[in-house]
Amino acid sequence: MKEKIDKLLNEIAEFRTEKKEELEQYRLKYLSKKGLIPSLFGDFKLVAPDLRKEVGQALNSLKNKAQEKFNDLQSQIEDKATDDQKVGDLTLPVDFEELGSRHPLSIVRNKIIDIFARIGFTVSEGPEIEDDFHNFTALNFPEEHPARDMQDTFFIEKNPDLALRTHTSSVQVRVMENTQPPIRTISPGRVFRNEAISARAHCIFHQVEGLYINKNVSFADLKQTLIYFARELFGEHTKIRLRPSYFPFTEPSAEMDISCNICGGKGCNICKYTGWVEILGCGMVDPNVLENCGIDSKEYTGFAFGMGIERITMLKYQIDDIRLFFENDKRFLKQFKSAL
Ligand code: DAH
């Protein structure tokens, strides 16, 4: 009896197959009612009483091993069958999988990068967690400026010298610290302000900064660059208007409006019936800023500008709520499939 059990144990351990039919033969041979293992159980009554315990255990273990082997092989064969099915008939039409599309903010950012690349601007980036020097001090913000206020800026509690950058102007500083003129670069990126979220404002948004530093750069260069940009992005009939303004890091400073791209300047609710919409801030880089960044302000002059990508995207595609950019609702996002 013992020998028979050992023989079957060996056979079972060595048995291999990937074929359903062969596995069925195995089942019939060892496990079915008339198979070898049940017939050994039939012989069990002939075993001498003092050996019954030992033989009984050996028989049970043989039966379990044979059944386990069968189960394992069966599931391997089934898995392989479903894998094969997956490849299936290659001539059938494929399941439809929806294609994604680029986010509208990325579309507009890429367009802006393209427009400036054509006139020689490189792209530069800086950190989103910025120190006070790069975000404020080097840019000529006085110590008591309200933008440094807790209400506007997200400070890092553990280190009050660090904050989430409130604008991409900080990248100007980093570029000027590391490069001598001529400098011609734009810096797209995320910025953060402690604002209540509404249809018009969000605590996270995106900007593109522009910086040009060289010998004899004048306000006329700034104006011509901005006219070129506005026409490329909003169409060749776009007009611009510069209104005097104030920024600590530029002197003189201006805000730029474009003729409303919705009504063509006639007046509508987007431009609040003025015919103009504001799109960016700009000016001649303040000599203090150049000096703070190690550039000789007697030799070099330059201009800078900064714009919000959300605002420009809202104008360009007539989007009336800034929150749509951050909700990731596919019904909104897929409307920009053809805007690439
Ligand atoms: N940093 C300004 C802001 O966030 C925008 C800006 C204005 C950037 C004038 C400039 C500039 O480079 O010259 O509101």
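The values are calculated or read from the model by the stated rules, or taken from the named source; none is laboratory data. None of the values given here were measured: they were computed from a predicted structure. Glycine gets a Cβ as well: all are built from the backbone with ideal geometry, and neighbour counts include every protein chain shown.
Quick one: is residue 274 surrounded by fewer than 19 Cβ atoms within 10 Å (Cβ to Cβ) and hydroxyl-bearing (Ser, Thr, Tyr)? So residue 274 fits the description; yes. For segment 286-326, the set of residues classified as under 18 Å from residue 108 (Cα atoms), charged (D, E, K, R) and part of a helix (DSSP H, G or I) consists of 310, 311, 316, listed by residue number.
Only residues that are surrounded by 17 or more Cβ atoms within 10 Å (Cβ to Cβ) and touching a residue at least 40 places away in the same chain (Cβ under 8 Å) were counted in segment 124-153, giving 9. State whether the residues of segment 148-169 include one that is in a helix (DSSP H, G or I) and under 23 Å from the mean Cα position of the chain (by Cα). Checked segment 148-169: at least one residue is in a helix (DSSP H, G or I) and under 23 Å from the mean Cα position of the chain (by Cα).
For segment 19-68, filtering for residues that are over 15 Å from residue 4 (Cβ atoms) and touching a residue at least 24 places away in the same chain (Cβ under 8 Å) leaves 7. The C-beta contact set for segment 286-299 (first residue without any contact (Cβ under 8 Å) to a residue 40 or more places away in the chain and among the polar types (S, T, N, Q), second residue surrounded by 16 or more Cβ atoms within 10 Å (Cβ to Cβ) and in a helix (DSSP H, G or I), distance under 9 angstrom, 6+ apart or interchain) comprises 297/287; 297/289; 297/290. In the set (1) in contact with a Leu (Cβ under 8 Å, 6 or more places away or on another chain); (2) surrounded by fewer than 17 Cβ atoms within 10 Å (Cβ to Cβ), the condition left unmet by residue 302 is number (2). In the condition set (1) within 22 Å of the chain's Cα centre (by Cα); (2) touching a residue at least 60 places away in the same chain (Cβ under 8 Å), residue 193 is compliant with all but (2). Can you work out which of the residues in segment 252-279 that are out of contact with any Lys or Arg (no Cβ under 9 Å at 6 or more places or on another chain) and either among the small types (Gly, Ala, Ser) or not assigned by TED's automatic domain parsing to the domain that holds residue 242 (or both) is modelled with the highest pLDDT? Per the stated criteria, the residue is 253.
When each of 310, 291 is tested for being more than 11 Å from the ligand (Cβ to nearest atom) and surrounded by fewer than 18 Cβ atoms within 10 Å (Cβ to Cβ), the lone residue that passes is 291. For segment 128-137, the count of residues that are closer than 11 Å to residue 248 by Cβ and either in contact with a Lys or Arg (Cβ under 7 Å, 6 or more places away or on another chain) or within 15 Å of the ligand (Cβ to nearest atom) (or both) is nonzero.
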